[in-house]
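Student: Let me begin by handing over the structure; questions about it come next.
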Amino acid sequence: MHVRHCGGSALLAELDGLDEVVALYDALAEHPPAGVTDIVPAARTLLVRFEPPATPQSVEAAVRAVRPAPGGRTGACEVRIPVVYDGADLADVAALTGLPARDVVAAHTGTLWTVAFCGFAPGFGYLTGGDARLAVPRRAESRVRVPAGSVALAAGFSAVYPRESPGGWQLIGRTDAVVWDLAADPPALLRPGTRVRFTEVT
């Protein structure tokens, strides 16, 4: 782990990969060091924000002392997201994986996913832990508009588009679940550590 100080109120831990980021995030979220106000995971980094009386040195020492437990947290919340599996790219995903479309749906609903980190747009969670057979690449060309609620796959992740936006992920379905709502507390339904179960509806 390499640690960079970001001014006097944050530090950035650079790790080998996503598994290490998730493990460190889970450990710090369960037992945050004194003074830590926010922990923001990404694909290979973890940003830790803090406030006085904590110092960059004290927080770095606390982060380096963490020994993540195998398996991560057990108390994370779980949400269910109903999906109509009629996405524009479902047939392409079936061809890429070698699975019939129905088996793509079964693989997507048959695994408990976990939000590893958020990014790209407010409320956009990168979900990991799905069936390894669904690790398909992004589309060769991005779409100018992807509808809000689109359920998608790319590079081993799954996601739900929180609002209409450009996007290059493979669209396999759609949901009416609201994953970003400024009137809610918190606004994001899918936060790091949240477990997600997709269920099929017709």
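The values are calculated or read from the model by the stated rules, or taken from the named source; none is laboratory data. Please read these numbers as outputs of a predicted model, since none were measured by experiment. Heads up, the Cβs are rebuilt from the backbone with ideal geometry, glycines too, and the neighbour counts pull from every protein chain shown.
Student: From the list Ala54, Ala23, Ala13, pick out the single residue that is assigned to a loop (DSSP other than H, G, I, E, B) and of a type in the set (A, V, I, L, M, F, W, C).
Tutor: Going through Ala54, Ala23, Ala13 in turn, just one is assigned to a loop (DSSP other than H, G, I, E, B) and of a type in the set (A, V, I, L, M, F, W, C): Ala54.
Student: Of the residues in the range 93-119, how many are in a loop (DSSP other than H, G, I, E, B), surrounded by 15 or more Cβ atoms within 10 Å (Cβ to Cβ) and either of a type outside the set (Val, Ile, Thr) or touching a Pro at 6+ places or on another chain (Cβ under 9 Å) (or both)?
Tutor: 1
Student: Hey, another quick one. What residue, among those in the range 143-172 that are outside any strand (DSSP E or B) and aliphatic (A, V, I, L, M), is nearest to Pro82 (Cα to Cα)?
Tutor: Here the answer is Ala148.
Student: Out of Ser165, Ser158, report the one residue that is under 21 Å from Gly129 (Cα atoms) and polar (S, T, N, Q).
Tutor: Residue meeting the stated conditions: Ser158.
Student: State yes or no: is Ala43 outside any helix (DSSP H, G or I) and not assigned by TED's automatic domain parsing to the domain that holds Val151?
Tutor: Criteria met by Ala43.
Student: While we're on this one: Here is a check on your reading of the model: is Ser142 in contact with a Gly (Cβ under 7 Å, 6 or more places away or on another chain) and not assigned by TED's automatic domain parsing to the domain that holds Leu28?
Tutor: Against the criterion (in contact with a Gly (Cβ under 7 Å, 6 or more places away or on another chain) and not assigned by TED's automatic domain parsing to the domain that holds Leu28), Ser142 qualifies.
Student: Among the numbered criteria (1) of a type outside the set (D, E, K, R); (2) more than 19 Å from Ala42 (Cβ to Cβ); (3) at pLDDT 95 or above, which one does Trp113 miss?
Tutor: All conditions are met except number (2).
Student: Determine which single condition Gly125 fails, assuming it passes every other condition in (1) surrounded by fewer than 19 Cβ atoms within 10 Å (Cβ to Cβ); (2) under 16 Å from the mean Cα position of the chain (by Cα); (3) more than 17 Å from Val104 (Cβ to Cβ).
Tutor: Looking at each condition in turn, Gly125 falls short on (1).
Student: Could you figure out which of (1) surrounded by 15 or more Cβ atoms within 10 Å (Cβ to Cβ); (2) part of a strand (DSSP E or B) isn't true of Asp38?
Tutor: Failed condition: (1).
Student: For the range 89-97, check the following and say yes or no: at least one residue is aliphatic (A, V, I, L, M) and closer than 21 Å to Arg191 by Cα.
Tutor: No; the residues of the range 89-97 include none that is aliphatic (A, V, I, L, M) and closer than 21 Å to Arg191 by Cα.
Student: From the list Pro162, Pro147, Pro166, Pro186, pick out the single residue that is free of Cβ contacts under 8 Å to residues at least 60 places away in the same chain, over 12 Å from the mean Cα position of the chain (by Cα) and crowded, with 21+ Cβ neighbours inside 10 Å.
Tutor: Among Pro162, Pro147, Pro166, Pro186, only Pro162 is free of Cβ contacts under 8 Å to residues at least 60 places away in the same chain, over 12 Å from the mean Cα position of the chain (by Cα) and crowded, with 21+ Cβ neighbours inside 10 Å.
Student: Output the residues belonging to the range 160-187 that are in contact with a Leu (Cβ under 6 Å, 6 or more places away or on another chain) and either hydrophobic (A, V, I, L, M, F, W, C) or more than 22 Å from Ala43 (Cβ to Cβ) (or both).
Tutor: Ile172, Val179
Student: Being touching a residue at least 40 places away in the same chain (Cβ under 8 Å) and small (Gly, Ala, Ser) is the filter; apply it to the range 119-144 and report the residue that is nearest to Phe198 (Cα to Cα).
Tutor: Gly125
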